[in-house]
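Here the structure comes first, spelled out in structure tokens, and everything after it is commentary.
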Amino acid sequence: MSPVDSLKVELGIRSYPILIADGLLGRPEIFEQHLRARELLIVSNTTVAPLYLPTLAASLGKRRVVEVILPDGEAHKTLANASRVLDVLIANRLARDCAVLALGGGVVGDLAGFAAACYQRGVDFVQLPTTLLAQVDSAVGGKTGVNHAGGKNLIGAFHQPVLVVADTATLATLPARELRAGLAEVIKYGLIADPALFAWLEDHLAELLAGDPAALAHIIRRSCEIKAAVVGRDEREQGERALLNLGHTFGHAIESATAYRDWLHGEAVGAGLVMAAAASTACGLLPQAEAERVRQLVKRAGLPTRIDSVMPAVALEHMRIDKKVQGGRLRLVLLRRIGEAFVTADYPPEALTRTLATHFGGAG
């Protein structure tokens, strides 16, 4: 039995543990120790549920368990499906001391967390991430929400989980494309806060792409450490936490412009990281050699570095409804160097125009 690696998101009375180890979903003592609710709603999807729901259910003992299984995919992260989860909670008369368990990737976690935030003005919520992207990023920090035709995550709430259980064994069934998508968020952490992590990724990428358990455990732990520290200092994105959106303004525009059909979230973020680095160089901030390191790592990870199917003007239109727009100004997360990011609305407009023209459709 693997030892459990544990760290904590420090948020006062809302602090919670992140548990990382192989086989956690099959360990009843984990849930007996950390989960107080006796009535549970498990939210999963049609891909993950057949693989891991029986194991999880067996670990929950004699608690009352209700299940709702959603279609798989970003296109289903909608208000209608959140309403479906709420309908199940209400139909089964689950009380305010229940808990909602999200078994799946970022879509399941975001949607289930949003339903938990809304139901009776907030019930306990547990993240059980089964994708690399969710284990390193979306399961931690309490951002919940659903997409709208007008943009990504425009409807949502901050609602912290009471527990995050990252069972690394679930990554063994993760498709290679999903694994690569998760690496985009890890690259992001190196870019905003840890140049040593970025260099480690450059040296160990082949091991990660091959699914090496030790390498994966290392990046999950380090990514969670970085995000937990940032969230602990800025829970509701009043300042520093916005750095975690490096590449996401471009990435969200890619997703919404393609109706969430063509690209996984991590793929769009990967392209967005390249664009953020290019924009930083165009602003005279990031040396060209460092921007090229970003592009090369993203490319080696099997992620897109440009998007030909979206025209620059369309991308800009979608970026203008990003949540970081303030006072009509689009703020960007830019890089001074690998490991140092900042948020600003004070950049030359032509730097953004040039970046869009060279990384979206119509470029030479």
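The values are calculated or read from the model by the stated rules, or taken from the named source; none is laboratory data. All of these numbers come straight from a predicted model, not from anything done at the bench. Backbone-built Cβ (ideal geometry, glycine too); neighbour counts: all protein chains shown.
Of all residues in segment 74-97, those that are farther than 26 Å from Glu255 by Cα and assigned by TED's automatic domain parsing to the domain that holds Asn147 have Cβ atoms under 9 Å from Cβ atoms of residues that are charged (D, E, K, R) and part of a helix (DSSP H, G or I), 6 or more apart or on another chain, in Arg96/Arg121.
Residue-wise test of (1) surrounded by fewer than 24 Cβ atoms within 10 Å (Cβ to Cβ); (2) within 15 Å of the chain's Cα centre (by Cα).
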{"site": "Ala115", "(1), (2)": "no, no"}
{"site": "Arg121", "(1), (2)": "yes, no"}
{"site": "Asp124", "(1), (2)": "yes, no"}
{"site": "Leu128", "(1), (2)": "no, yes"}
{"site": "Ser138", "(1), (2)": "no, yes"}
{"site": "Gly142", "(1), (2)": "yes, yes"}
{"site": "Val146", "(1), (2)": "yes, yes"}
{"site": "Ala149", "(1), (2)": "yes, no"}
{"site": "Asn153", "(1), (2)": "yes, yes"}
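Among the residues in segment 48-59, are any outside any helix (DSSP H, G or I), touching a Gly at 6+ places or on another chain (Cβ under 8 Å), closer than 22 Å to Asp87 by Cβ and assigned by TED's automatic domain parsing to the domain that holds Ala115? Spell out how you get there, then give the answer.
Residues of segment 48-59 that are outside any helix (DSSP H, G or I), as a first pass: 48.
Then drop every residue that is not touching a Gly at 6+ places or on another chain (Cβ under 8 Å), which leaves 48.
After this cut, where a residue has to be closer than 22 Å to Asp87 by Cβ as well, the list is 48.
If we keep only those that are assigned by TED's automatic domain parsing to the domain that holds Ala115 too, we end up with 48.
Yes, there is a match, as at least one residue in segment 48-59 is outside any helix (DSSP H, G or I), touching a Gly at 6+ places or on another chain (Cβ under 8 Å), closer than 22 Å to Asp87 by Cβ and assigned by TED's automatic domain parsing to the domain that holds Ala115.
Every test in (1) more than 13 Å from Val43 (Cβ to Cβ); (2) part of a strand (DSSP E or B) is passed by Val140 save one, and that test is (2).
If you go through segment 139-159 one residue at a time, do you hit one that is touching a Pro at 6+ places or on another chain (Cβ under 6 Å) and either within 27 Å of Leu273 (Cα to Cα) or modelled with pLDDT under 95 (or both)?
First, pick out the residues of segment 139-159 that are touching a Pro at 6+ places or on another chain (Cβ under 6 Å): 139.
Okay, now just the ones that are also either within 27 Å of Leu273 (Cα to Cα) or modelled with pLDDT under 95 (or both), so 139.
Within segment 139-159, one or more residues are touching a Pro at 6+ places or on another chain (Cβ under 6 Å) and either within 27 Å of Leu273 (Cα to Cα) or modelled with pLDDT under 95 (or both).
From Glu10, Glu29, Glu39, grab the single residue that is within 19 Å of Val164 (Cβ to Cβ) and more than 23 Å from the chain's Cα centre (by Cα). Testing whether each residue is within 19 Å of Val164 (Cβ to Cβ) and more than 23 Å from the chain's Cα centre (by Cα) leaves just Glu29.
Within segment 344-364, if we keep just the residues that are aliphatic (A, V, I, L, M) and at pLDDT 95 or above, the residue that is surrounded by the fewest Cβ atoms within 10 Å (Cβ to Cβ) turns out to be Ala357.
Residues of segment 308-343 that are small (Gly, Ala, Ser) and either at pLDDT 90 or above or surrounded by 15 or more Cβ atoms within 10 Å (Cβ to Cβ) (or both): Ser309, Ala313, Ala315, Gly339, Ala341.
Sub-6 Å Cβ pairs linking a first residue in segment 207-218 that is assigned to a helix (DSSP H, G or I) to a second residue that is surrounded by fewer than 18 Cβ atoms within 10 Å (Cβ to Cβ), at least 6 apart or interchain, are Ala215/His204; Ala215/Glu207, ordered by first then second residue. Looking only at segment 219-241, residues that are assigned to a loop (DSSP other than H, G, I, E, B) and either basic (Lys, Arg) or surrounded by 21 or more Cβ atoms within 10 Å (Cβ to Cβ) (or both) come to 1 in all.
Which is out of contact with any helix residue (DSSP H, G or I) (no Cβ under 8 Å at 6 or more places or on another chain) and among the β-branched types (Val, Ile, Thr), of Thr46, Thr55?
On the way: Thr55 fails: out of contact with any helix residue (DSSP H, G or I) (no Cβ under 8 Å at 6 or more places or on another chain).
Just one listed residue meets the conditions, Thr46.
Return yes or no: is His218 in the same structural domain as Gly302 (by TED's automatic domain parsing) and under 14 Å from the mean Cα position of the chain (by Cα)? Spell out how you get there, then give the answer.
Working: in the same structural domain as Gly302 (by TED's automatic domain parsing): yes; under 14 Å from the mean Cα position of the chain (by Cα): no.
Here the answer is no, as His218 does not meet what is asked.
Which of the residues that make up segment 242-266 are out of contact with any strand residue (DSSP E or B) (no Cβ under 6 Å at 6 or more places or on another chain), surrounded by 24 or more Cβ atoms within 10 Å (Cβ to Cβ) and of a type in the set (Asp, Glu)? If the condition is that a residue be out of contact with any strand residue (DSSP E or B) (no Cβ under 6 Å at 6 or more places or on another chain), surrounded by 24 or more Cβ atoms within 10 Å (Cβ to Cβ) and of a type in the set (Asp, Glu), then no residue fits. All of Val146, Val164, Val186 fail the test of being among the aliphatic types (A, V, I, L, M) and either without any contact (Cβ under 8 Å) to a residue 60 or more places away in the chain or part of a loop (DSSP other than H, G, I, E, B) (or both), apart from Val186.
Of Arg84, Arg64, which residue is more than 20 Å from Thr46 (Cβ to Cβ) and of a type in the set (D, E, K, R)?
Working: Arg84 fails: more than 20 Å from Thr46 (Cβ to Cβ).
Going through Arg84, Arg64 in turn, the sole match is Arg64.
Listed by position, the helices (runs of 4 or more DSSP H) inside segment 252-328 whose residues that are under 26 Å from Thr131 (Cα atoms) and touching a residue at least 12 places away in the same chain (Cβ under 8 Å) number at least 3 are 265-282, 288-300. Filtering segment 86-135 to residues that are under 16 Å from Val165 (Cα atoms) and assigned to a loop (DSSP other than H, G, I, E, B) leaves Gly105, Thr130, Thr131. Among the residues of segment 208-232, those identified as out of contact with any Lys or Arg (no Cβ under 8 Å at 6 or more places or on another chain) and more than 21 Å from Pro3 (Cβ to Cβ) are Leu208, Ala210, Ile226, Lys227, Ala229, Gly232. From the list Gly239, Gly247, Gly211, which residue is farther than 22 Å from Gly104 by Cα, at pLDDT 95 or above and of a type outside the set (D, E, K, R)? Going through Gly239, Gly247, Gly211 in turn, just one is farther than 22 Å from Gly104 by Cα, at pLDDT 95 or above and of a type outside the set (D, E, K, R): Gly247.
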